[in-house]
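Nothing in this text is a laboratory measurement; each read-out follows from the coordinates by a stated rule. Just so it is clear, the structure is predicted and the values come from calculations on it, not from any experiment. Reconstructed Cβ throughout: ideal geometry from the backbone, glycine too, with neighbour counts over all protein chains shown.
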Amino acid sequence: MDFKLTEEQLAVRDAARDFANNVLLPEVTDRDKHARFPTEEVKQLGELGFLGMMVDPKYDGGGMDTVSYVLAMEEISKVDASTAVVMSVCNSLVAWGFERFGSEDQKEKYLKPLAGGKITGAFCLSEPEAGSDATSQTTTAIDMGDHYLLNGTKNWITNGGTAGVYIVMAQTDREKGHRGINALILEPGMEGFIVGEKEDKMGIRGSDTHTLLFNDVKVPKANRIGEEGFGFKFAMQTLGGGRIGIASQALGIASGALELAIKYSKERKTFGKEIYKHQAIAFKLADMATKVEAARVMCLKAATLKDQGKDFELAASMAKLYASTIAQEVTSEAVQIHGGYGYVREYHVERMMRDAKITQIYEGTSEIQKIVISRAILK
Ligand code: CAA
Ligand code: FAD
């Protein structure tokens, strides 16, 4: 597999790096401390085309490939994993879901403003009692002829309080099990659609995570994505692509922590020399760099397979499993290399360690990735 990057891909990476360093970095610590959503920063990200990177230009997207998306996600995540998850959900769950499975009307109405950066989107699958076990969801969408009547609760929804469009999975025909689930499009402000309190989280504190409640929300039939009963497959196939985004987020958190650890090891002196000259520290850095490089190759492989139109879901799950595991390890070692300074906000690495944890949980926990991977290799 050839990972030589094109001029265009390198330009995207550089633009994302500049944006991260110039726009995201200055207030990232403050946003984390006060759990403040990056409203202005996300607006600018949208204007630069980073929320609909892979969408066809005819729907106002960037027309870029998935490799460019991975490169951009790594750069943004190196500095601000909270903004990165907004970007990931918009690009690889909501925009990709609309572009691949939406009707032309739905693309005109929702994909264009999303890809053009005018609104963000939310993908609503998880419930209080159904996360990993996604087919056991209890939100109902009763068929009322010209509309569905939506009732229930979705949990942990990223962009939940700020999105301009929501894709909600709900059960229409319980007897059909997962084949009775529909994917429905909601807009904020629909009668009976209530956004609950924002979650107070351990990491990615700048991101906007909410419970959503639906009380007799009337959703027009035209707002269903795909055929009746396609909702669960819609969710699974969309998540396949989404996992490349979260793998790249984990990669970025790890590579950002590695860069900071290398820099610090050249500045800090103990026992008369810079700490990188102690072999114990140099070896830690060697292990960290090797893990980051392996994760990067896995993300690029999954992205390349997707760009080539090949089956990429196994590679995406493997990339997410591995990158999220090493993000935990690398950020923890980065804190260790910083000593006491690593334990305070000013040096960023403690935030990165907190942010890294979520990549092992959302878009399918590590245990769920192992189910997906083992089923694929054993079938
Ligand atoms: N593509 C297409 N169809 C798929 C599929 C895929 N990748 N995976 C499963 N399906 C289909 C199956 O073919 C099956 O359909 P048929 O019976 O018609 O063949 C149906 O879906 C059910 O599949 P399973 O029997 O395999 O279902 P399961 O109950 O064993 O669960 C699972 C499978 C992989 C564990 C799934 O439930 C899962 O992925 N759970 C994790 C949920 C998740 O990732 N949530 C993330 C929420 S979004 C998020 O988190 C965003 C964010 O943080 C930012
Ligand atoms: P559970 O499914 O209850 O799992 C608990 C533990 O049991 C985990 O360790 C799990 O791996 C393990 N486990 C469960 N089943 C098995 C099994 N069969 N074998 C082995 N181990 C198993 N969801 C959305 O739909 N949209 C979003 O935008 C979104 N954003 C999120 C943002 C944040 C900050 C968070 C925290 C979550 C978000 N989620 C979102 C939800 C996320 O996808 C779920 O939390 C995740 O899928 C796990 O579900 P759960 O929390 O119910 O854990």
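Among the residues of region 130-168, those that are farther than 24 Å from I119 by Cα and away from ligand 1 (no atom under 15 Å from the Cβ) comprise T140, A141, I142, D143, M144, G145, D146, H147, Y148, L149, N151, G152. Contact map, region 306-333: residues that are farther than 15 Å from R375 by Cβ and more than 16 Å from ligand 1 (Cβ to nearest atom) paired with residues that are part of a helix (DSSP H, G or I) and hydroxyl-bearing (S, T, Y), Cβ distance under 6 Å, separation 6+ or inter-chain. Pairs shown: D307/T66. Evaluating I337 against the criteria (1) within 16 Å of ligand 1 (Cβ to nearest atom); (2) touching a residue at least 40 places away in the same chain (Cβ under 8 Å); (3) hydrophobic (A, V, I, L, M, F, W, C) leaves one unmet condition, (1).
Checked against the criterion of being out of contact with any Asp or Glu (no Cβ under 7 Å at 6 or more places or on another chain), over 30 Å from E27 (Cα atoms) and surrounded by fewer than 16 Cβ atoms within 10 Å (Cβ to Cβ), the candidates E197, E187 yield just one match: E187.
Just name the residue that is nearest to ligand 2 (Cβ to nearest atom) out of those in region 111-135 that are among the charged types (D, E, K, R) and farther than 17 Å from K58 by Cα.
That would be D133.
Here's the yes/no breakdown for (1) among the small types (G, A, S); (2) surrounded by fewer than 21 Cβ atoms within 10 Å (Cβ to Cβ); (3) on the phi < 0 side of the Ramachandran plot:
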{"site": "T238", "(1), (2), (3)": "no, no, yes"}
{"site": "G245", "(1), (2), (3)": "yes, no, yes"}
{"site": "L251", "(1), (2), (3)": "no, no, yes"}
{"site": "A254", "(1), (2), (3)": "yes, no, yes"}
{"site": "A257", "(1), (2), (3)": "yes, no, yes"}
{"site": "Y264", "(1), (2), (3)": "no, no, yes"}
{"site": "K269", "(1), (2), (3)": "no, yes, yes"}
{"site": "G272", "(1), (2), (3)": "yes, yes, no"}
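Within region 202-225, being surrounded by fewer than 17 Cβ atoms within 10 Å (Cβ to Cβ) and of a type outside the set (A, V, I, L, M) holds for N215, D216, K218, P220, K221. All conditions but one from (1) more than 24 Å from E75 (Cβ to Cβ); (2) touching a residue at least 60 places away in the same chain (Cβ under 8 Å) apply to F283; the one that does not is (2). In region 99-110, the condition of being within 16 Å of ligand 2 (Cβ to nearest atom), within 24 Å of G241 (Cα to Cα) and over 16 Å from the mean Cα position of the chain (by Cα) is met by no residue.
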